[in-house]
Amino acid sequence: MSIVSATTRVLKAEEIGHAPHQAPRLLLPDPRTVFQQRARRLAYLADGHDLATWLLFCHTLSLAQGRLVERVQIEDGEAQASLALTLTKRSWGYWQTLLEELVMATTHHLLIPKGQGLTPEALALVKTLQTWSQAEWQIQAQALLLGEACAHAEALPFLGAALQAEWTLRASQLPAETHAAYQGESAVCPVCGSHPMVSLVHTGDPNHGVRYLVCSLCQSQWQAARAKCTNCDSPKEVVLLGQSAKAAIQGECCEACQSYVKLLSLPREVQLDPCADDLASLGLDVMLEREGYGRAARNLLSVY
Ligand SMILES: [Zn+2]
Ligand SMILES: [Zn+2]
């Protein structure tokens, strides 16, 4: 497959800066649905995919995230106006519960549908992670939160999954004024300060055709209507590169900083899921990097 320049842009030049007035600038996540939808989409995408084993592993992880947010409740009064990139007194509990969920889902395999458990190798890894001391986990988890190098690459998806579950639940409990207070466009998540995972063009009212960046950590989405690089301040518009001009997933590539963020278009494919489709389109990452662009976004379930 070759990369061709797409013919469409996020918004036409005359629309830049004029996203529909009624479109909310900030969308907070719904933890009751975000992980279940992701898991369903991963199972669908895994069918016949070159990376099926990996996608089914992420499917299992997403199901465990969904059960985790159901099990954990945040006490009244703990919700804050914004979320810092610092571990909380509850983070260790999320980590332990996630690992417990993964072991239970696998060892009680008669109780769960086929394909929802871990492979023997992944189960052995989880059991190793369960032996980590709180101090060791703390160093690795805090490094991941801050985007620093982690000494245990194989642990990254598990660390990321537990942090995502906690931050998503916390983001969902932010006060309603948080929606109204956010006014600007930001390169990082206005809720938690983490980097985006992908950008997503919505479909349907009230934000049809509006582009949002999706947070890699708390799953909030913030408006990024302008067709410019979300990584640097270059005033130039991004170039969209994909596997075909009509592809629902393209790379928004910036000539100024030589980076890209994937753009997922729901008007083109309504079933797209930000995390699942990002993971399943690894081939596009490889192709864009061959073209000389570096990824300016991260996916906490990926070791890529
Ligand atoms: Zn966030
Ligand atoms: Zn740029």
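The values are calculated or read from the model by the stated rules, or taken from the named source; none is laboratory data. Quick caveat: nothing in here was measured; it's all calculated off a predicted structure. With ideal geometry, Cβ positions are generated from the backbone for all residues, glycine too; neighbour counts draw on all protein chains shown. These area figures cover heavy atoms from the full protein model, side chains too; ligands, DNA and RNA do not enter into them. Shrake-Rupley method; radii C 1.70, N 1.55, O 1.52, S 1.80 Å.
From Cα pairs below 8 angstrom and at least 6 apart in sequence, can you work out the relative contact order of segment 31-172, rounded to a whole percent?
Relative CO of segment 31-172 lands at 30 percent.
Relative contact order (percent) for segment 138-273, with alpha-carbon contacts under 8 angstrom and 6 or more residues of separation?
So the answer I get is 18 percent.
At 1.4 Å probe size, what's the solvent-accessible area of Ile139? Round to the nearest 10 Å².
Accessible surface of Ile139 is approximately 110 Å².
Compare Leu288, Leu51, Leu102 in a GNM of the chain, Cα atoms joined below 10 Å, and give the one with the largest fluctuation.
Leu51
Roughly how tilted is helix 52-71, in degrees to the nearest 10 and between 0 and 90, from the longest Cα axis of the chain?
The angle comes out at about 70 degrees.
Send over a whole-number figure in Å² for the accessible area per residue of segment 31-172, probe 1.4 Å.
50
Once you have the alpha carbon radius of gyration of segment 167-304, what is it after dividing by 2.2 N^0.38 Å, with N set to its residue count?
Relative to the 2.2 N^0.38 Å estimate, segment 167-304 comes out at 1.01.
Send over a whole-number figure in Å² for the accessible area per residue of segment 194-301, probe 1.4 Å.
34
What is the mean projected area of the alpha carbon convex hull for the chain, to one decimal in square nanometres?
15.7
Over the chain, what is the relative contact order in percent, taking alpha-carbon pairs closer than 8 angstrom and at least six residues apart?
25
Ala256 versus Val303, label points 7 Å from Cα toward the beta carbon: distance in nm?
3.6
Choose one answer from Arg41, Arg25, Arg90: the residue with the largest mean-square fluctuation in a GNM of the chain with alpha-carbon springs under 10 Å.
Of Arg41, Arg25, Arg90, the most mobile in the Gaussian network model is Arg90.
Would you mind telling me the share, in percent, of accessible area of segment 121-244 contributed by carbon and sulfur at probe 1.4 angstrom?
54
Keeping all protein chains in place and using 1.4 angstrom, which order do Trp92, Trp54, Trp167 fall into by accessible surface area, from largest down?
Largest accessible area first, the list is Trp54, Trp92, Trp167.
At a Förster distance of 41 Å, what's the computed FRET efficiency of Ala187 paired with His108, Cβ-Cβ distance as r, to 0.05?
0.40
Which residue, Asp50, Asp273, Asp285, has the most motion in a Gaussian network model of the chain that connects Cα atoms within less than 10 Å?
Largest GNM mean-square fluctuation: Asp50.
Amide H to amide H, which residues 5 or more places from Cys253 or on other chains are under 5 Å from it, using H placed in the peptide plane?
Val239, Leu240, Leu241
Apply the Karplus curve 6.51 cos²θ - 1.76 cosθ + 1.60, θ = phi - 60°, to the phi angles in segment 186-192 and return the couplings in whole Hz, x for Gly and Pro.
Whole-Hz 3J(HN,Hα) from phi for segment 186-192: 9, 7, 10, 4, x, 8, 10.
Determine the percent antiparallel among the DSSP beta bridges restricted to the chain, to the nearest 5.
Antiparallel bridges: around 80 percent, rounded to the nearest 5.
Put a dot 7 Å past each Cα toward the Cβ at His208 and Lys246; how far apart are the dots in nm?
Going from the Lys246 label point to the His208 one covers 2.0 nm.
Calculate the spin-label point distance for Cys232 paired with Thr86, positioning each point 7 Å from the Cα along the beta-carbon direction, and give it in nanometres.
3.3
Any aspartates and glutamates with Cα under 20 Å of the Lys127 Cα? List them, leaving off those in the same chain fewer than 8 positions away.
Glu100, Glu101, Glu136, Glu154
When the Kirkwood hydrodynamic radius is evaluated over all pairs of different C-alpha atoms of segment 31-172, what value in angstrom, to one decimal, is obtained?
Roughly 15.7 Å, rounded to one decimal.
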